[in-house]
Amino acid sequence: MIDLKDFEYEELVQYLLSIGEKKFRAEQIFSWLHKGAQSYEEMTNLSKATRERLSKETYVSTLKIREKYVSKIDGTVKYLFELPDGNCIESVVMRYHHGLTICISSQVGCRMGCRFCASTIGGLYRNLTAGEILNQVIFAQKDIGERISNIVMMGIGEPLDNFDNVIKFLHNVNHEKGLNIGYRHISLSTCGVVPGIYNLAEEMLPITLTISLHAPNDTIRDTIMPVNHKYNISKLLEACKFYAEKTGRRISFEYSLIHGVNDSMDNAKELAKLIKNLHSHVNLIPVNKVEERDFHKGSNDEIRAFRDKLETLGINATIRRELGADISASCGQLRKKVL
């Protein structure tokens with residue numbers, strides 16, 4: 001059976017023509033899918049014959065809200081979504097002054113093995129389809145009853161390890177006949193899958209590329225991010241430079257501050273020297289507590305001192321505001337607990 005949400009718009013047009021439907025049906029169906037219709041019966045402007053024809057070899061995929069938590073501190077909403085096969089993924093909706101931002105997953109589990117991340121414990125189960133990635137946005141928006149205007153692909157999984165489905169999702173979520181979320185309101189985060197960065201650059205999508213760097217040298221990065229053994233920092237920054245030149249988009253770096261591992265003043269100097277020639281921004285993240293790991297964050301004063309050191313060295317740096325602290329809003333923790 002075919003999930004219609006796995007089709008890009010033009011693919012949907014071609015499929016409908018192949019089963020004897022008119023081209024205009026694509027716009028009707030695409031709109032219904034992105035509004036969160038859960039069955040063909042809800043698509044009231046389709047004829048009964050069309051609905052019956054579609055139901056013979058296609059279906060409308062859905063997500064089930066298995067658990068939902070709302071932060072009493074800042075209104076952050078954490079979803080544990082259950083997929084039709086029983087697997088679970090997480091999404092988080094955050095409130096900012098500029099609107100609602102959703103952090104979505106791209107895989108069930110993750111094979112990258114970053115030692116400070118809860119999402120990778122247990123490894124990779126499978127990739128999400130383009131429709132399953134899209135459904136997180138559709139059903140979170142439907143549940144909240146407000147428009148989601150920004151997307152960050154920083155949830156469970158490595159987006160560039162599921163490249164084709166992620167690209168198809170990006171095309172669909174941006175489409176004017178669907179959710180119509182602008183590319184410039186979408187960020188994609190990678191731990192450093194270098195071939196994927198080059199491939200993404202060739203797509204020429206004006207999204208923001210965020211690099212999970214988390215270390216100022218290979219010695220430290222090797223110990224906390226296994227991907228560095230295959231694609232070291234030099235190769236990674238070379239790919240970043242290519243991406244920035246090809247797309248004209250600024251690179252953003254994520255840097256989880258792990259006390260006693262990568263948060264010294266010498267580390268700050270080394271980081272500044274490493275990226276000084278890239279027109280970039282550094283997002284500092286006090287590391288989240290993961291039960292299976294021994295990592296913890298430094299004091300607020302130490303975190304601010306690290307940021308201040310970067311700024312004195314000419315690096316644009318901010319400290320990420322912690323949202324949903326009372327509901328374990330960082331990705332992977334809720335799924336791990338339920339499993």
- Message: Quick check on segment 179-202: of everything there that is small (Gly, Ala, Ser) and in contact with a Ser or Thr (Cβ under 8 Å, 6 or more places away or on another chain), which residue is surrounded by the fewest Cβ atoms within 10 Å (Cβ to Cβ)?
- Response: SER187
- Just for segment 262-303: of the residues that are part of a loop (DSSP other than H, G, I, E, B), at pLDDT 95 or above and farther than 23 Å from LYS241 by Cβ, which one is farthest from the chain's Cα centre (by Cα)? SER264
- Message: Residues that are aromatic (Phe, Trp, Tyr), at least 1 per element: which helices (runs of 4 or more DSSP H) completely within segment 151-261 meet that?
- Response: 163-174, 194-203, 233-247
- Query: So how many residues does segment 106-147 have that are closer than 24 Å to MET225 by Cβ and of a type in the set (Val, Ile, Thr)?
  - Reply: 4
- Quick one: in segment 248-261, which of the residues that are under 25 Å from the mean Cα position of the chain (by Cα) and more than 28 Å from MET204 (Cα to Cα) is surrounded by the fewest Cβ atoms within 10 Å (Cβ to Cβ)? LEU257
- Item | Matching residues in segment 39-64 - criterion: being under 17 Å from GLU132 (Cβ atoms) and loosely packed, with under 13 Cβ neighbours inside 10 Å | LYS64
- Item | Criterion: within 31 Å of the chain's Cα centre (by Cα), of a type in the set (D, E, K, R) and not assigned by TED's automatic domain parsing to the domain that holds ASN180 - qualifying residue of LYS23, LYS35 | LYS35
- Task: Please indicate, with yes or no, whether at least one residue in segment 60-81 is under 30 Å from LYS22 (Cα atoms) and in contact with an Asp or Glu (Cβ under 6 Å, 6 or more places away or on another chain).
- Result: yes
- Query: Of all residues in segment 127-147, which are more than 14 Å from the chain's Cα centre (by Cα) and on the phi < 0 side of the Ramachandran plot?
  - Reply: GLY131, ILE138, PHE139, ALA140, GLN141, LYS142, ASP143, ILE144, GLU146, ARG147
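Yes/no per residue for (1) in a loop (DSSP other than H, G, I, E, B); (2) surrounded by fewer than 24 Cβ atoms within 10 Å (Cβ to Cβ); (3) more than 17 Å from the chain's Cα centre (by Cα):
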{"position": "GLY75", "(1), (2), (3)": "yes, yes, yes"}
{"position": "LEU80", "(1), (2), (3)": "no, yes, no"}
{"position": "PRO84", "(1), (2), (3)": "yes, yes, yes"}
{"position": "ILE89", "(1), (2), (3)": "no, no, no"}
{"position": "VAL92", "(1), (2), (3)": "no, no, no"}
{"position": "ARG95", "(1), (2), (3)": "no, yes, no"}
{"position": "THR101", "(1), (2), (3)": "no, yes, no"}
{"position": "SER105", "(1), (2), (3)": "yes, no, no"}
{"position": "MET112", "(1), (2), (3)": "yes, yes, no"}
- Note on the structure: Checked segment 160-195 for anything of a type in the set (Asp, Glu) and closer than 19 Å to GLY109 by Cβ; matches are ASP161, ASP164
- Query: Within segment 180-207, restricting attention to residues that are touching a Leu at 6+ places or on another chain (Cβ under 8 Å) and among the aliphatic types (A, V, I, L, M), which residue is farthest from LEU100 (Cα to Cα)?
  - Reply: VAL194
- Message: Out of everything in segment 135-168 that is touching an Asp or Glu at 6+ places or on another chain (Cβ under 9 Å) and of a type in the set (A, V, I, L, M, F, W, C), what residue ends up being surrounded by the fewest Cβ atoms within 10 Å (Cβ to Cβ)?
- Response: ILE167
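The values are calculated or read from the model by the stated rules, or taken from the named source; none is laboratory data. What you see is a predicted model, and the numbers here were worked out from it, not measured in a lab. In this analysis, Cβ positions are derived from the backbone assuming ideal geometry, glycine residues included, and neighbour counts consider all displayed protein chains.
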